[in-house]
Structure formats: C-alpha cells, structure tokens
Amino acid sequence: PALKAKAKAEMKAASVQKEEILATIKSRKEATGYVLDPHTACGVRAAEDLKSQLGAGPVICLACAHHGKFPAAINAALGDDAKSVPPEKALTDLLSVPHRKDILENSARAVIDFVEKTMASRKPAAKKARTA
C-alpha cells in the first residue's frame, strides 16, 4: 500500500483512444507543421489531458518513432493533407519486406537457447580482429 501511494504521488496515467490519437496528429500538424507518429501523439494527448494534474511549468514529450513508419495512420489522421507529407521511402519500403517471427516460451532460458541456436547456424558477420 505504501509503494502504491508513493507511485500514485509521482506518476500519472491516461487512456487515449484511436480517434483522439488521429485528432492529435491532425491538430499538431495544423498548429506546428510537425507530423507526430501515433505513439508520440498518444503521449502528447495524455499530457494534454493530464495538464491540470501536472502543475505549472512546461511538459516535454519526446518523439517515440518517425511518422513514416505509419502511413495508414497518417493518411487516416490527415486525409487529403497527408499528400503534403513527404514519404519516407526507406521506412515505407520496410512494410513490404517479408517478416518472420518465432514464438518462444516465456522464460529467459528459452530466449537464450533460441539466440544461441540461431547464432550457431550463421556465418560470422565479420572476421575477428587479430590481437597483437
């Protein structure tokens, strides 16, 4: 109970819905010209919603990602105005490359075993440097 009370005194939390995230992307683009990514927009909106609880002074939100990773969200948020946002080809190209995933047991041992097995089957990326 004491730890929970201390955490509540030091931390704030908010819930932000998809429509609010898209509206925040749009309003920030209109106000500043900067295009927020959806994750950053979530944090910005949460900070706006919590402003009355945060006290006086500035609130700083650090960007979490680049908007170029989320073209569908940017199009949904900005509509026709999304055409004014230059595409990030290097990022959007990644959306079309093959993906792979491995589902592991939730344990450190499973992760260690997976990494060791995967790395043992691959060639080294570079030669080891000679020591003098």
Handout entry: Filter on Lys4/Lys29; Lys12/Lys101; Lys6/Lys101; Lys4/Lys51 - keep pairs with C-alpha separation over 29 Å
Key = Lys4/Lys29; Lys12/Lys101; Lys6/Lys101
Handout entry: Overall form of the range 1-127 per C-alpha gyration tensor (a/c, 1.5; a/b vs b/c)
Key = oblate
Exercise for the section: State in Å² the accessible area per residue of the chain; use a 1.4 Å probe, count heavy atoms of protein chains only, and round to the nearest integer. Expected result: 82 Å²
Practice task
Provide the FRET efficiency to the nearest 0.05 for the Thr92-Ala120 pair, computing r from the beta carbons and using R0 = 35 Å.
Solution key: 0.55
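The values are calculated or read from the model by the stated rules, or taken from the named source; none is laboratory data. All of these numbers come straight from a predicted model, not from anything done at the bench. Reconstructed Cβ throughout: ideal geometry from the backbone, glycine too, with neighbour counts over all protein chains shown. Calculation scope for accessible area: heavy atoms of the full protein, side chains included, ligands and nucleic acids excluded. Shrake-Rupley method; radii C 1.70, N 1.55, O 1.52, S 1.80 Å.
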